[in-house]
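Working notes, beginning with the structure itself.
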Amino acid sequence: MKRAIITVVGKDTVGIIAKVCTYLADEKINILDISQTIVSGFFNMMMIVDITDITEGFGKLQDDLSRLGEGIGVNIKCQKEEIFEMMNRI
Amino acid sequence: MINIFEVAETNKMIEEENLDVRTITMGISLMDCVSSDLSVLKKNIYEKIYESAKDIVKVGDEIGHDFGIPIVNKRISVTPIATVGSAACKTSSDYVELARTLDEAAKKVNVNFIGGYSALVSKAMTPPEELLIKSIPEALSVTDRVCSSVNLGSTRCGINMDAVRLMGEIIKKTAEATRDNDSLGCAKLVVFCNAPDDNPFMAGAFHGFTEGDKVINVGVSGPGVVKRALENIHGESFEVLCETIKKTAFKVTRVGQLVAKEASERLNVPFGIVDLSLAPTPAIGDSVADILCEMGLEYAGAPGTTAALALLNDNVKKGGVMASSSVGGLSGAFIPVSEDQGMINAVNAGALSLEKLEAMTCVCSVGLDMIAIPGDTPDTTISGIIADEMAIGMINQKTTAVRIIPVIGKGVGETVEFGGLLGYAPIMPVNKFSCEEFIKREGRIPAPVHSFKN
């Protein structure tokens, strides 16, 4: 399974998770884990998603999510999971 | 599974603390290009570099995008050109032709530097090697992306003092040839003792004779990450200090290992080494000197600096070595002056002298790096500075280097601007006493007693 990490950081507002999840559902991307905190009014979310079956390339997924974030007013990043695994697991 | 705090920490390192992969460098052997016909040789070299490296920039950018980590430079190193051109080049001008070919190939594949306009002369020079060395001033003034290096000594062979004397002259001539650009040519020229075959960093990268046909070497960086980690343990013991550096270096190096593995797979070129260096840039917060200050020094150069740097260098290696399957290159902390805002501040405050920098090179990963000196410094004095640095490397069985810039037309108190990653530098005073008679002696300094290990 190939996994990616989506992070959403920005000012808290209604419907952030809904919009991201709707996009992922439309793209048939399964969410494996989701966690979220609010730090001094700022919304922090991390999702681990399964990207094994994406059809149109990882670059497009990154660009779409980034654009979606701009629409909501938050910063959305999508990175392949290995960088976090490598740095934090022996 | 990875948790939100680990993800946040990694992204903070990248976004706020300047963590990046400094370079993916593809080493390319040019031995199969050799011909006694100069035009055939040039064609072979251009084609081999193009075919080998045409995708390196694209692949490097893709990897950076996939993992969300900047990969700042994509570069090429080649077999030392003195040897590659030895059958075809009858004059120094012939070698300059090869430099132009390297420059064209580098521009075609869009890498920002190509290293390997080099000669390895630690014991003696062959006539072609001498021709290449004498061509360096012109080669660096008519090209943009070519970097040159000369290995002048080693623990096994001693120091080639004839070449040391010659390089003093060549560095000055290179400064003269590029005087309209503040003697920038000298920023692309480095001399070594014990030069490694697999160094991915410029200006000293070349593809050594121990290497295979092609190889991917990666240089990581991250002084800002180390400094930020040390900010959290202010006033703690040396044990805590060392542990913190090791853990941070481990994480930084793991990124390099990941990128190197990916680049190797995607380019179908074997992985060589990760060079786990702390390489500063002029950007605020990306300074090795600032790490030393964070340890408790008022400025880099204050008493205690050599000890602090030794501690840093050793713990970067200890932390990094387990993070990669193969570590090599220069690996340690770089202490360039012009590329490090903290070093520049130390020089301007009067805290850091050339002599203290020399002491620091005994324990850092390389040597006297990116130091601007007055343009009227005699050739023999430059050779003397080089000889001292080579001796430190030879006796201590470590790599040392000199990349020094005599800025023509400028003196102490003035500043020289190189731009970009090379930064700017205050011109530092040089000891005025002469070493001319010492440098004029011919021959070499024989290998030290501890070289006899057989």
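Just one of the listed residues (B:172, B:134) is among the basic types (Lys, Arg) and crowded, with 22+ Cβ neighbours inside 10 Å, and it is B:172. Note on the stretch B:266-311: residues that are within 19 Å of residue B:198 (Cβ to Cβ) and assigned to a helix (DSSP H, G or I) amount to 1.
More than 16 Å from the chain's Cα centre (by Cα), of a type in the set (S, T, N, Q) and outside any loop (DSSP other than H, G, I, E, B): does that describe residue B:141? Spelling it out, residue B:141 is indeed more than 16 Å from the chain's Cα centre (by Cα), of a type in the set (S, T, N, Q) and outside any loop (DSSP other than H, G, I, E, B). Out of the residues in the stretch B:265-275 that are touching a residue at least 12 places away in the same chain (Cβ under 8 Å) and within 14 Å of chain A (Cβ to nearest Cβ), state the one that is farthest from residue B:334 (Cα to Cα). So the residue we want is B:266.
Considering the stretch B:46-58, the residues that are in contact with a strand residue (DSSP E or B) (Cβ under 8 Å, 6 or more places away or on another chain) and touching a residue at least 40 places away in the same chain (Cβ under 8 Å) include one that is nearest to the other protein chains (Cβ to nearest Cβ), namely B:57. Residues in the stretch B:21-42: is at least one in a strand (DSSP E or B), within 14 Å of chain A (Cβ to nearest Cβ) and of a type in the set (Val, Ile, Thr)? Scanning the stretch B:21-42 turns up at least one residue that is in a strand (DSSP E or B), within 14 Å of chain A (Cβ to nearest Cβ) and of a type in the set (Val, Ile, Thr). Of the residues that make up the stretch B:290-300, is at least one over 19 Å from the mean Cα position of the chain (by Cα), within 14 Å of chain A (Cβ to nearest Cβ) and either buried (at least 20 other Cβ atoms within 10 Å of the Cβ) or over 24 Å from residue B:235 (Cα atoms) (or both)? Within the stretch B:290-300 (the criterion being over 19 Å from the mean Cα position of the chain (by Cα), within 14 Å of chain A (Cβ to nearest Cβ) and either buried (at least 20 other Cβ atoms within 10 Å of the Cβ) or over 24 Å from residue B:235 (Cα atoms) (or both)), the answer is no, since none of the residues qualifies.
Across the stretch B:66-103, the number of residues qualifying as within 14 Å of chain A (Cβ to nearest Cβ) and not small (Gly, Ala, Ser) comes to 5. Inspection of the stretch B:398-406 identifies at least one residue that is under 19 Å from residue B:186 (Cβ atoms), modelled with pLDDT of 95 or more and among the basic types (Lys, Arg). Taking the stretch B:391-434 as the range and being within 18 Å of residue B:350 (Cα to Cα) and touching a residue at least 60 places away in the same chain (Cβ under 8 Å) as the test, the residues that pass are B:416, B:424, B:425, B:426, B:428, B:429, B:430, B:431. Selection of the stretch B:407-454 for residues being among the hydrophobic types (A, V, I, L, M, F, W, C), in contact with a Leu (Cβ under 9 Å, 6 or more places away or on another chain) and over 16 Å from residue B:188 (Cα atoms) yields B:428, B:430. Just wondering, is there one or more residues in the stretch B:385-397 that are in the same structural domain as residue B:287 (by TED's automatic domain parsing), at positive phi and not in a loop (DSSP other than H, G, I, E, B)? No: the stretch B:385-397 contains no residue that is in the same structural domain as residue B:287 (by TED's automatic domain parsing), at positive phi and not in a loop (DSSP other than H, G, I, E, B). Give the stretch B:241-264 a look and list any residue that's within 12 Å of another protein chain (Cβ to nearest Cβ) and among the charged types (D, E, K, R), or say none. Of everything in the stretch B:241-264, those that are within 12 Å of another protein chain (Cβ to nearest Cβ) and among the charged types (D, E, K, R) turn out to be B:247, B:251, B:254, B:261, B:262.
Residues checked against (1) in contact (Cβ under 8 Å) with a residue 40 or more places away in the chain; (2) of a type outside the set (A, V, I, L, M):
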{"position": "B:283", "(1), (2)": "yes, no"}
{"position": "B:292", "(1), (2)": "yes, no"}
{"position": "B:308", "(1), (2)": "no, no"}
{"position": "B:315", "(1), (2)": "yes, yes"}
{"position": "B:334", "(1), (2)": "yes, yes"}
{"position": "B:338", "(1), (2)": "yes, yes"}
{"position": "B:352", "(1), (2)": "yes, no"}
{"position": "B:389", "(1), (2)": "yes, yes"}
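Figure legend. Inter-residue proximity from the stretch B:248-261: first residues outside the structural domain of residue B:62 (by TED's automatic domain parsing), second residues part of a helix (DSSP H, G or I) and acidic (Asp, Glu), beta-carbon distance below 7 Å, spacing 6+ or different chains. Indicated pairs: B:258/A:82. Residue count for the stretch B:188-241, restricted to those that are assigned to a helix (DSSP H, G or I), under 26 Å from residue B:405 (Cα atoms) and modelled with pLDDT of 95 or more: 1. Which condition number does residue B:62 fail, the rest of (1) more than 14 Å from chain A (Cβ to nearest Cβ); (2) under 30 Å from residue A:59 (Cβ atoms); (3) charged (D, E, K, R); (4) touching a residue at least 12 places away in the same chain (Cβ under 8 Å) being met? Answer for residue B:62: the failing condition is (1). Listed by first and then second residue, the pairs with beta-carbon distance under 6 Å, at least 6 apart or on different chains, first residue in the stretch B:1-17 and within 7 Å of chain A (Cβ to nearest Cβ), second surrounded by fewer than 19 Cβ atoms within 10 Å (Cβ to Cβ) and small (Gly, Ala, Ser), are B:4/A:35.
When B:165, B:156 are screened for being of a type in the set (D, E, K, R), over 21 Å from the mean Cα position of the chain (by Cα) and not in a helix (DSSP H, G or I), only B:156 passes. One residue alone among B:354, B:309, B:330 is assigned by TED's automatic domain parsing to the domain that holds residue B:256 and over 20 Å from residue B:187 (Cβ atoms), and that residue is B:309. Candidates B:306, B:281: the one that is among the hydroxyl-bearing types (Ser, Thr, Tyr) and over 26 Å from residue B:149 (Cα atoms) is B:306. Only one of the listed residues (A:81, A:70, A:56, A:85) is at pLDDT below 90, more than 10 Å from the chain's Cα centre (by Cα) and not polar (S, T, N, Q). That residue is A:56.
The values are calculated or read from the model by the stated rules, or taken from the named source; none is laboratory data. Small disclaimer: the values here were computed from a predicted structure and weren't measured. In this analysis, Cβ positions are derived from the backbone assuming ideal geometry, glycine residues included, and neighbour counts consider all displayed protein chains.
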